[in-house]
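The block underneath contains the structure these notes are about, expressed in structure tokens.
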Amino acid sequence: MKILICDALAKNAIDGLKSLGVDVIEKTSIEKEELMGEITDYDGIIVRGRTKVRKDLIDKAAGSLGFIIRAGVGLDNIDFEYAREKGIEVINTPEATTNSVAELAIAHIFSLLRDIPRGTSTLKKGEWIKKQLVGSELTGKTVGIIGMGRIGRRVAELVIPFDGSVLGYDPYVKEVDNDNIKMTNLDELLTNSDIITLHLPHTDETHYLIGEEELRKMKDTAFLIDCARGGIVDEEALYRVLKDGAIAGAGFDVFEKEPPEGSKLMELDNFNCTPHIGAQAKEGKVRLGEEVVKKVAARL
Ligand code: NAD
């Protein structure tokens, strides 16, 4: 079996594949044209989020390529339904980085509650703004989780010990096997939460799910965290509500455009951000490597 690795993977993935006897070709910065030229040489390709697998590439690969493995969760960079129609199996590894993303959401929550980024940046400029940095505890707060899949549930598990309430909204999940989570509707969650964190996919249905109207339903002391996908929140509307104090702050790992060049959000002290690092934890990458090897072994 010959596999092309299109995006960087942890060493344990490459070693594991080789130990299965797979012929592994690593071209982790391969661009579209080169990929189009040689896609028919492989039994399978492994991608992360960087490589786009669109219809033109799938048309070229149909009949020779057996599978595409997306190391990670999101399939938004792959026209996966079209690939499946063309007989190419599309496989993802959804479990591996669940905890890494959930913990990043928790890191954003604490960063906002205690304004750690502003503490750091002012202190490095020689300013001692102790009196301005009065934050809040997580203990006793209401955390609203939109999207109660793998990551949303893990976030719930991590915040439950802080003795607050956990509200969940997910139109496709009516009940969760955890008495500490109260499932509710979107309006109730927006109005009652002190912290809202998003863990759902970006689809036509969820595009701008959180727009100006929804943001203005939130408490003016509340924080919004997005470690899911750009496009679920209307960033222009977010800018307006952060600027006029309709919500207290936001922490984002994902953006409508990545990198978010020219985004006005970057001007705001109450906007914290990270460059799409949800899955960028060493432990998650090792688990991702193990999952990829398991998926290939299953095919062999
Ligand atoms: P999942 O499929 O287990 O859960 C997603 C949940 O969203 C499902 O329960 C689904 O019913 C729910 N959902 C769908 N439409 C909804 C709607 N309109 N309103 C509310 N909920 C809705 O996926 P997961 O593994 O928990 O991942 C969640 C998201 O996290 C992924 O879609 C991906 O976009 C994102 N993600 C981000 C990073 C990162 O680096 N920041 C890494 C991995 C995943």
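The values are calculated or read from the model by the stated rules, or taken from the named source; none is laboratory data. As the structure is a prediction and not an experimental result, all values here were calculated from the model. Ideal geometry is used to build each Cβ from the backbone, glycine not excepted, and the neighbour counts take in all protein chains shown. For accessibility, only protein heavy atoms count, side chains too; no ligands or nucleic acids. Shrake-Rupley method; radii C 1.70, N 1.55, O 1.52, S 1.80 Å.
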ask   = So is residue 114 away from the ligand (no atom under 16 Å from the Cβ), on the phi < 0 side of the Ramachandran plot and free of Cβ contacts under 8 Å to residues at least 60 places away in the same chain or not?
value = yes
Of those in segment 180-203 that are open to solvent by less than 60 Å² (accessible area, probe 1.4 Å) and of a type in the set (Val, Ile, Thr), the residue farthest from the ligand (Cβ to nearest atom) is 195
Within segment 77-109, restricting to residues that are small (Gly, Ala, Ser) and open to solvent by 10 Å² or more (accessible area, probe 1.4 Å), the one that is nearest to the chain's Cα centre (by Cα) is 100
Exactly one of 74, 66 is at pLDDT below 95, surrounded by 15 or more Cβ atoms within 10 Å (Cβ to Cβ) and in the same structural domain as residue 295 (by TED's automatic domain parsing), and that one is 74
Within segment 146-179, the residues that are small (Gly, Ala, Ser), open to solvent by less than 50 Å² (accessible area, probe 1.4 Å) and more than 12 Å from the ligand (Cβ to nearest atom) are 164
(request) Scan segment 129-145 and give yes if some residue there is open to solvent by 50 Å² or more (accessible area, probe 1.4 Å) and modelled with pLDDT under 95, otherwise no. (result) no
Flagged in segment 2-39 as farther than 26 Å from residue 284 by Cβ and either open to solvent by 70 Å² or more (accessible area, probe 1.4 Å) or in a strand (DSSP E or B) (or both), in numbering order, are 2, 23, 31, 32, 33, 34
Over segment 2-44, the set of residues hydrophobic (A, V, I, L, M, F, W, C) and over 13 Å from residue 293 (Cα atoms) is 4, 6, 8, 25, 30, 35, 36, 39
Looking across segment 215-234 at residues that are of a type in the set (D, E, K, R) and crowded, with 21+ Cβ neighbours inside 10 Å, the single one that is farthest from the ligand (Cβ to nearest atom) is 226
Residue hits (segment 235-264; outside any loop (DSSP other than H, G, I, E, B) and either within 11 Å of the ligand (Cβ to nearest atom) or of a type in the set (Phe, Trp, Tyr) (or both)) are 239, 252
Query - So residue 267, is it more than 16 Å from the ligand (Cβ to nearest atom) and open to solvent by 80 Å² or more (accessible area, probe 1.4 Å) - result: yes
